[in-house]
Amino acid sequence: MNELLVFDQVEICYHGKPAVQDISFSVNPGEVLGIAGESGSGKSTLIRAVLGILGQGGQITKGRICFQDRDLLRLSERDMRKLRGEQIGMIFQDAGASFCPVRTIGDQICGSLSAHRKIRRRESDAMALELFEKLGLTEGRRILESYPFELSGGMNQRVGIAAAMLLNPALLLADEPTSALDAVSGRQVIEEMRILKELYGTAVILVTHNIGVVSALADRVLVLHRGRIAECGETSRVLEDPQDAYTRELLEAVPKLRRYRSAYRTEPKM
Ligand SMILES: Nc1ncnc2c1ncn2[C@@H]1O[C@H](COP(=O)(O)OP(=O)(O)OP(=O)(O)O)[C@@H](O)[C@H]1O
Ligand SMILES: [Mg+2]
């Protein structure tokens with residue numbers, strides 16, 4: 001197997017109106033692809049299309065999306081459900097929303113693991129505690145016994161990412177994982193994702209409007225503009241020598257690029 005995920009000339013419409021057009025790109029195993037672009041450019045649409053959750057009125061109208069050489073558009077809903085979570089993990093902007101407010105974290109982690117494999121609470125706690133420790137999340141036991149509202153937004157997001165990784169998915173989709181967080185929590189989330197990349201070699205699609213986050217994590221970056229690909233290439237090349245006028249515009253909108261980059265470029269504590 002070569003590429004993990006392939007978009008081939010994909011068009012997606014909402015209520016018959018194209019939101020993204022002529023989208024072709026691929027993600028290799030273990031690679032981090034950043035997707036950047038202004039609000040409404042179609043970033044989340046691409047992520048939702050992979051998960052098969054475009055919602056009412058949303059439809060892939062042209063092209064193909066293949067994951068591990070399987071055409072996602074031909075999979076049954078049952079097979080898609082199996083893929084989600086197990087092969088393809090996801091985290092979203094609103095960390096709290098990925099957890100149910102009235103059940104403890106430990107309970108929910110066990111619930112999501114047992115949807116995919118036979119597992120008891122004691123085993124799921126042990127798996128979670130082991131991973132928390134690797135990620136420098138101290139007080140793992142307390143986290144498992146907490147309700148989501150008892151943890152900060154940053155902590156919820158870090159725990160949510162760890163929970164998504166427990167099934168060891170081949171691909172992790174992250175839609176604006178840091179944008180609801182303050183700078184310090186955002187940096188911790190980025191650092192956690194870097195450690196996970198080292199530990200698991202998971203491929204990641206990282207949607208963000210923050211160029212600092214792209215430069216800290218992404219091997220390649222794809223710039224979307226009004227539903228089309230403006231530019232796609234190695235992160236350092238695109239950031240230092242953008243070929244497309246819109247990419248240049250986007251970078252100019254971040255005047256303190258260097259500061260952003262140094263803020264996010266901390267070495268992971270292993
Ligand atoms: N459920 C929907 N029904 C109709 N139009 C939609 C729907 N979801 C998205 N769109 C439209 O599709 C386009 C792309 O939206 P999308 O949410 O993918 O953008 P985005 O790049 O993720 O933006 P943001 O940075 O604000 O999250 C927009 O024009 C949006 O209005
Ligand atoms: Mg979005």
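If you go through region 88-117 one residue at a time, how many are open to solvent by 60 Å² or more (accessible area, probe 1.4 Å), touching a residue at least 60 places away in the same chain (Cβ under 8 Å) and not acidic (Asp, Glu)? Counting residues in region 88-117 that are open to solvent by 60 Å² or more (accessible area, probe 1.4 Å), touching a residue at least 60 places away in the same chain (Cβ under 8 Å) and not acidic (Asp, Glu) gives 4.
If only one of 183, 230 is closer than 24 Å to residue 25 by Cα and either open to solvent by 10 Å² or more (accessible area, probe 1.4 Å) or modelled with pLDDT under 90 (or both), which one is it?
Values: 183 fails: closer than 24 Å to residue 25 by Cα.
Going through 183, 230 in turn, just one is closer than 24 Å to residue 25 by Cα and either open to solvent by 10 Å² or more (accessible area, probe 1.4 Å) or modelled with pLDDT under 90 (or both): 230.
Look at (1) in contact with a Lys or Arg (Cβ under 8 Å, 6 or more places away or on another chain); (2) at negative phi and you find that residue 88 fails only one, number (1). Taking first residues from region 54-82 that are of a type in the set (Ser, Thr, Tyr) and partners that are within 16 Å of ligand 2 (Cβ to nearest atom), the Cβ contacts under 8 Å between residues at least 6 apart in sequence or on separate chains come to 61/12. If you go through region 186-215 and pick out every residue that is open to solvent by less than 10 Å² (accessible area, probe 1.4 Å) and among the charged types (D, E, K, R), you end up with 1. Checked against the criterion of being at pLDDT below 90, touching a strand residue (DSSP E or B) at 6+ places or on another chain (Cβ under 9 Å) and within 16 Å of ligand 1 (Cβ to nearest atom), the candidates 225, 209 yield just one match: 209. When region 5-52 is filtered for residues that are out of contact with any Gly (no Cβ under 9 Å at 6 or more places or on another chain), within 13 Å of ligand 2 (Cβ to nearest atom) and open to solvent by 40 Å² or more (accessible area, probe 1.4 Å), the ones remaining, listed by number, are 38, 39. Within region 135-154, can one find any residue that is at pLDDT 90 or above, open to solvent by 20 Å² or more (accessible area, probe 1.4 Å) and aliphatic (A, V, I, L, M)? Checking region 135-154: not a single residue is at pLDDT 90 or above, open to solvent by 20 Å² or more (accessible area, probe 1.4 Å) and aliphatic (A, V, I, L, M).
The values are calculated or read from the model by the stated rules, or taken from the named source; none is laboratory data. As the structure is a prediction and not an experimental result, all values here were calculated from the model. Note that we place each Cβ from the backbone using ideal geometry, even for glycine, and neighbour counts take in every protein chain shown. Remember, those area values only see protein heavy atoms, side chains included, never the ligands or the DNA or RNA. Shrake-Rupley method; radii C 1.70, N 1.55, O 1.52, S 1.80 Å.
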